[in-house]
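Single-structure report; data block below.
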Amino acid sequence: GTSLEEQVRRIKDIEAIESDSFVPQAFKSSRDDTKSAVVQVKQESEKGPSQDISLPMSIVYDDSGSLAHPSLFVDKETAEELWLNRLISLRQERLMGSPVT
């Protein structure tokens, strides 16, 4: 579901690209130019003192150069133990009445 305005803009953009006056340009990513940072945001609570909450304001890229996440290289026993601990904590949270995320 796109709106009528978005559809009209898309059609105009396609027509502009297909016209003879269109000049293709090389795509340049801003990924390497912009350094990701986490911005500190303060949120005031009505019940208590203000708390410092850290919200990510941009995507943080992992430039480790590897193709796979390091957790994929954990041995089987360690992975099973981590999963079992996670499952136990989720079950305990559910039993205490908090929603499982």
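The values are calculated or read from the model by the stated rules, or taken from the named source; none is laboratory data. Because the structure is predicted, anything quoted here is derived from the model rather than measured. No Cβ is skipped: glycine too gets one built from the backbone with ideal geometry, and neighbour counts run over all protein chains shown.
Would you confirm whether or not region 18-39 contains a residue that is of a type in the set (A, V, I, L, M), touching a Lys or Arg at 6+ places or on another chain (Cβ under 8 Å) and modelled with pLDDT under 75?
The answer is no, given that none of the residues of region 18-39 is of a type in the set (A, V, I, L, M), touching a Lys or Arg at 6+ places or on another chain (Cβ under 8 Å) and modelled with pLDDT under 75.
What are the residue pairs meeting all of these: first residue in region 49-62, first residue within 20 Å of residue 29 (Cβ to Cβ), second residue modelled with pLDDT of 70 or more, Cβ atoms under 8 Å, and 6 or more apart or on different chains?
61/31
Report every pair of residues separated by at least 6 positions or lying on different chains whose Cβ atoms are under 7 Å apart, first residue within region 1-28 and without any contact (Cβ under 8 Å) to a residue 12 or more places away in the chain and aromatic (Phe, Trp, Tyr), second surrounded by 10 or more Cβ atoms within 10 Å (Cβ to Cβ) and not in a loop (DSSP other than H, G, I, E, B).
Within 7 Å, the pairs are 22/16.
Can you pull out every residue in region 1-30 that is in a loop (DSSP other than H, G, I, E, B) and more than 31 Å from the chain's Cα centre (by Cα)?
Answer for region 1-30, where residues must be in a loop (DSSP other than H, G, I, E, B) and more than 31 Å from the chain's Cα centre (by Cα): 19, 20, 21, 22, 23.
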